[in-house]
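The values are calculated or read from the model by the stated rules, or taken from the named source; none is laboratory data. Here the structure is a predicted model, which means the values were calculated and not measured. Positions of Cβ are backbone-derived with ideal geometry, glycine not excepted, and every protein chain shown enters the neighbour counts.
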Amino acid sequence: MDLFFSGGLRGLLITWLLLDVTKAATSYDGRTVKESYDYIVIGGGTSGLVVANRLSEDPKKSLLVLEHGYINDSPNTMIPRAVAKFPNLGIDFWNVTSAPLEKLQNLRTTVQMADVVGANFQDHPQMMASWNLTSGLAVPNPGTLASNATYNASAWAEYEGNRTGPYTVAWSNTAAFLPLRNFTSAAAYAAIMDAVADPGSSKRRQEDEELIALAGYRAQRAILRRHLGSPDAAAIEYPLTAGGLGTSGLNKPLSRGTITLAPSSTNSNINNTLGNISPADRAVVLAAVRWIRDLYATSPLLARYGPVELAPGLAAQTDEAMWTALVSAGLVRPSNAHPSGTCAMMPTALGGCVGADLRVHGIRRLAVVDASVMPLIPGTHSQTTVYAVAEKAADLIKARAR
Ligand SMILES: Cc1cc2nc3c(=O)[nH]c(=O)nc-3n(C[C@H](O)[C@H](O)[C@H](O)COP(=O)(O)OP(=O)(O)OC[C@H]3O[C@@H](n4cnc5c(N)ncnc54)[C@H](O)[C@@H]3O)c2cc1C
């Protein structure tokens, strides 16, 4: 029997239960669970189902998918226009709340994740500057759904009746991916590259606890520094949305978190410290704000819309003032719902969890296949990469079975 773990820490806990279950045939939900299987996939998510699909191509092999089973079919997940609200609705899949994030004014966030296990926790931190567009906007425009109740009602009726209209339009499907040099002054660029070169500049909490993980982190910093210096690698993603947003996400984050057991908590057993933003990430955020501010101030195309800066606001001119304005308004967030990296494919000496064959170090028949095996978060949204990892994993697993 081979176990494939794509369901996170809780998946790991279920793994042990499952070993018991497989000792004897038993009935669950009207179906019989057999005594043993060739493959057991724990977690039927993005990667788990790809692996299960590929492994089940061989009719001679038996396979069990064990899925926690959370299904959310609310309008906020099903309707393109509404989906951007989803992460902010307070839906709590796993009852996992972050520890207070020191550098974000002790913000506590719901952690939207199912697939993370330990150290090396990474996500794409987000900055959300914004502008009010005061003139020249066509009507309807992207804000009309919110500002005009009559228009909103007719758009909703159209969606309910025909599944057409404004509610089928996603919030954004265009983005600029900008290398560091393209949005920084010479001085800011040099300062960021210096900060990345110096491991001491990022005082992560876990440096005290896990020196072995620090070795891996140092290796990552060297790679990230190369990426940040390259004209071919994007340091930020700047989504191009109509309506005055100046959001950007960090594609090459230096910040790291940890998922740990929290024995003091009665209803949650996981704690995370992502969001204790590293100084280099903070500098990238601030450079992005300055660049987008400059774009709104100087672009003739944008000038026709009369943009007025809302956040951080023109009163904030120094780095410190801009950072304080954004953080105190909750406009720097540690996550873009792309949690990755906590069971990283790295050598044990670097704090890694699985090898190149995706087997957990030291365990022959347990593999991990999900976003957690990526040692460095990819410089893009995670889903397509997860699909690629799962396809590759299926090939590896099939080859082992031959
Ligand atoms: C709100 C939100 C919006 C996103 N938007 C985008 C986007 O626009 N573009 C993009 O590229 N990416 C997006 N992502 C990220 C992307 O969805 C994830 O990176 C990807 O789905 C992760 O795949 P995975 O296989 O690692 O984990 P998952 O798909 O999360 O699969 C893990 C599975 O394990 C199951 N599980 C957990 N514990 C157990 C257990 N104990 N027993 C059994 N089953 C268990 C879970 O129920 C889940 O089905 C978004 C994520 C979120 C949360």
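Observations, loosely collected:
- Selected residue (criterion: surrounded by the most Cβ atoms within 10 Å (Cβ to Cβ)) from residues of region 296-329 that are in contact (Cβ under 8 Å) with a residue 24 or more places away in the chain and out of contact with any Leu (no Cβ under 7 Å at 6 or more places or on another chain): 326
- Top-ranked residue in region 226-249 [being of a type outside the set (Phe, Trp, Tyr) and under 18 Å from the mean Cα position of the chain (by Cα); ranked as nearest to residue 296 (Cα to Cα)]: 247
- Scanning region 304-346 for residues that are within 16 Å of the ligand (Cβ to nearest atom), of a type in the set (S, T, N, Q) and not in a loop (DSSP other than H, G, I, E, B) turns up just one, 340.
- Condition broken by residue 130, with the remaining ones in (1) over 16 Å from residue 289 (Cα atoms); (2) touching a strand residue (DSSP E or B) at 6+ places or on another chain (Cβ under 7 Å) satisfied: (1)
- From 402, 293, residue being modelled with pLDDT of 95 or more and of a type outside the set (Ser, Thr, Tyr): 293
- Of the strands (runs of 3 or more DSSP E) lying entirely inside region 168-254, not one is found with 3 or more residues being modelled with pLDDT under 90.
- Selection count, region 347-390, where residues are within 20 Å of the chain's Cα centre (by Cα) and either within 11 Å of the ligand (Cβ to nearest atom) or touching a residue at least 12 places away in the same chain (Cβ under 8 Å) (or both): 24
Every residue, every condition in (1) modelled with pLDDT of 85 or more; (2) polar (S, T, N, Q), yes or no:
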| site | (1), (2) |
| --- | --- |
| 111 | no, no |
| 118 | no, no |
| 122 | yes, yes |
| 145 | yes, no |
| 155 | yes, no |
| 161 | yes, no |
| 166 | yes, no |
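- Tally, over region 323-346, of residues that are within 20 Å of the chain's Cα centre (by Cα) and within 30 Å of residue 246 (Cβ to Cβ): 13
- Unique match (being in a strand (DSSP E or B), β-branched (Val, Ile, Thr) and either within 15 Å of the ligand (Cβ to nearest atom) or at pLDDT below 90 (or both)) among 40, 71, 91: 40
- Residue ID - surrounded by the fewest Cβ atoms within 10 Å (Cβ to Cβ), chosen from residues in region 348-398 that are part of a helix (DSSP H, G or I) and either of a type in the set (Lys, Arg) or assigned by TED's automatic domain parsing to the domain that holds residue 220 (or both): 392
- Filtered by the rule that a residue be more than 19 Å from the chain's Cα centre (by Cα) and either surrounded by fewer than 18 Cβ atoms within 10 Å (Cβ to Cβ) or outside the structural domain of residue 243 (by TED's automatic domain parsing) (or both), region 171-192 gives 181, 182, 185, 186, 187, 190, 191.
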